[in-house]
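Report on one structure; see the data block that follows.
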Amino acid sequence: MILVTGATGTVGREVLRRLPPGPAVRVMARNPDRVEGAPATAETVPGDYDDPQSLGRALSGVHTVLLVTNRVAGDQDARFLEAARTTGVQHVVKLSAAAVADPLADDLITRWQRGNEDLLRASGMGWTLLRPRSFMSNTLSWSVSVRAEQVVRSLYGSSANSCVDPRDIADVAVRVLTGPGHHHGRAYTLTGPQAVSAAQQTAQLGELLGRPLRFEELEPERARALWSERHPAPVVEALLSSALRQRDGAKAGVEGTVAELTGRPARSFRDWAATRLSAFMPL
């Protein structure tokens, strides 16, 4: 049986839509009513990383897991992996981050992900690490200003990022979850087909919308203030550090892993944006 966690999130819900018929599937969610797109035969159960008993119930009889956690600097991975080991899970597919492989990345978020990877490798279970670059869907955070002002604001607008379509991450995840065991012990860095800057994304989005969009460079202090409205201070500082690394070229590298594992090219930012235009159109 396959257990999918993070099923209501950006990648998890795409995984559910792509799972083939055949394998038994269980979906764990804090609120099962929010799960959409699961296979008709899938079992959906309540589960919370802070509730070991619920983890035990969700993991009973499970062979393979997609593990997605998001509480930065928390112990969700430790709790889950302990429950998974106890219940006999054989293979954990962990959603991590590309920055883990960069020795110069030392921000809070990257250290947390490195620690989680170390926990998994030391668990005694089979493992596979998925390390995506930034999600293309992160640009949905521009939707309010695009709708109201026809403007995109971002830090370091000329710096390039080989961002990846979440659907490509999900396609890779499904192949690893349902494929043969040669994925065990592998770490896959997942990127888009080319690196693009925020200014280039703005231009492409404007072309698709059929109206010009303006790009405005954010000063670091303004970015800090805006992000502080949504994130605790340590996370904000980690995001600023990550943006500096991007400015210095650390996120521009392109990998062919998506094509190697799926048999088709990775989707471009234009491909992704064309499917989400309604989010950027005036209300």
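The values are calculated or read from the model by the stated rules, or taken from the named source; none is laboratory data. Model, not experiment: these values are computed from the prediction. All Cβ positions, even for glycine, are placed from backbone atoms using ideal geometry, and neighbour counts span all protein chains on display.
Structural remarks
- The range 83-97, residues that are of a type in the set (Lys, Arg) and crowded, with 23+ Cβ neighbours inside 10 Å: LYS94
- In the range 30-53, the residues that are among the basic types (Lys, Arg) reach residues that are in a loop (DSSP other than H, G, I, E, B) with C-beta atoms within less than 9 angstrom, at least six apart or across chains, in these pairs: ARG30/THR8; ARG30/GLY47; ARG30/ASP48; ARG30/TYR49; ARG34/ALA7; ARG34/THR8.
- Among the residues listed as LEU67, LEU130, LEU59, the single one being in contact with a Leu (Cβ under 6 Å, 6 or more places away or on another chain) and touching a residue at least 40 places away in the same chain (Cβ under 8 Å): LEU130
- Checklist (1) under 18 Å from ARG167 (Cβ atoms); (2) of a type in the set (A, V, I, L, M); (3) in a loop (DSSP other than H, G, I, E, B) applied to ALA40, failing item: (1)
- Any hit, the range 32-41, residues being surrounded by 21 or more Cβ atoms within 10 Å (Cβ to Cβ), at pLDDT 95 or above and out of contact with any Phe, Trp or Tyr (no Cβ under 7 Å at 6 or more places or on another chain): no
- The criterion of being more than 16 Å from ARG153 (Cα to Cα), in contact (Cβ under 8 Å) with a residue 60 or more places away in the chain and not in a helix (DSSP H, G or I) holds for ARG211.
- Of the residues making up the range 111-141, those that are touching a Ser or Thr at 6+ places or on another chain (Cβ under 8 Å), in a helix (DSSP H, G or I) and buried (at least 21 other Cβ atoms within 10 Å of the Cβ) are GLN113, ASN116.
- Matching residues, the range 235-260, being closer than 15 Å to LEU155 by Cβ, charged (D, E, K, R) and under 18 Å from the mean Cα position of the chain (by Cα): LYS251
- Every residue from the range 225-283 that is within 16 Å of PRO166 (Cα to Cα), surrounded by fewer than 18 Cβ atoms within 10 Å (Cβ to Cβ) and among the charged types (D, E, K, R): ARG264, ARG270, ASP271, ARG276
- Selection from the range 249-273 of residues that are part of a loop (DSSP other than H, G, I, E, B) and either among the basic types (Lys, Arg) or free of Cβ contacts under 8 Å to residues at least 12 places away in the same chain (or both): LYS251, GLY256, GLY263, ARG264, ARG267
- When GLN204 is tested against (1) free of Cβ contacts under 8 Å to residues at least 24 places away in the same chain; (2) over 30 Å from PRO23 (Cα atoms); (3) in a helix (DSSP H, G or I), exactly one condition is not met: (1).
- Exactly one residue among VAL45, VAL72, VAL27 is out of contact with any Gly (no Cβ under 7 Å at 6 or more places or on another chain), surrounded by fewer than 19 Cβ atoms within 10 Å (Cβ to Cβ) and assigned to a strand (DSSP E or B), and that residue is VAL45.
- Considering the range 75-91, and only residues there that are assigned to a helix (DSSP H, G or I) and within 19 Å of LEU177 (Cβ to Cβ), the residue that is farthest from the chain's Cα centre (by Cα) turns out to be THR87.
- Within the range 159-184, the residues that satisfy the criterion of being in a loop (DSSP other than H, G, I, E, B) and in contact (Cβ under 8 Å) with a residue 12 or more places away in the chain are SER159, SER162, CYS163, ASP165, HIS184.
- Hey, ALA198 touching a Leu at 6+ places or on another chain (Cβ under 9 Å), farther than 30 Å from VAL176 by Cβ and among the small types (Gly, Ala, Ser) or not: yes
- Filter result for the condition that a residue is crowded, with 18+ Cβ neighbours inside 10 Å, modelled with pLDDT of 95 or more and in a helix (DSSP H, G or I), over VAL100, VAL152: VAL100
- Residues of the range 53-69 classified as part of a helix (DSSP H, G or I), of a type outside the set (Ser, Thr, Tyr) and either surrounded by 14 or more Cβ atoms within 10 Å (Cβ to Cβ) or under 22 Å from the mean Cα position of the chain (by Cα) (or both), total: 5
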